[in-house]
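Data block below; observations after.
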């Protein structure tokens, strides 16, 4: 199991959010030739975000600390 410092969790969560927004924009871009690659990557990002949320939910103190990031 990987141990991640709690101070990094908000940064990681926000980075995932930004990556999802950016790649969703790419998916709708006319410059992308293979939309399926972008959609597959988006699914991986969504799964990663959900996994992270599940892990945070199991730790009440961390959940409270990161509540504003989890509501997005």
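The values are calculated or read from the model by the stated rules, or taken from the named source; none is laboratory data. It should be emphasised that the depicted structure is a prediction, and the values quoted were computed from it without experimental measurement. Here Cβ is always computed from backbone atoms with ideal geometry, including for glycine, and neighbour counts include all displayed protein chains.
At a glance:
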| quantity | calculated |
| --- | --- |
| Residue within segment 22-29 that is more than 16 Å from residue 68 (Cβ to Cβ), at pLDDT below 90 and either touching a strand residue (DSSP E or B) at 6+ places or on another chain (Cβ under 6 Å) or part of a loop (DSSP other than H, G, I, E, B) (or both) present | yes |
| Residue within segment 39-59 that is loosely packed, with under 10 Cβ neighbours inside 10 Å and outside any helix (DSSP H, G or I) present | yes |
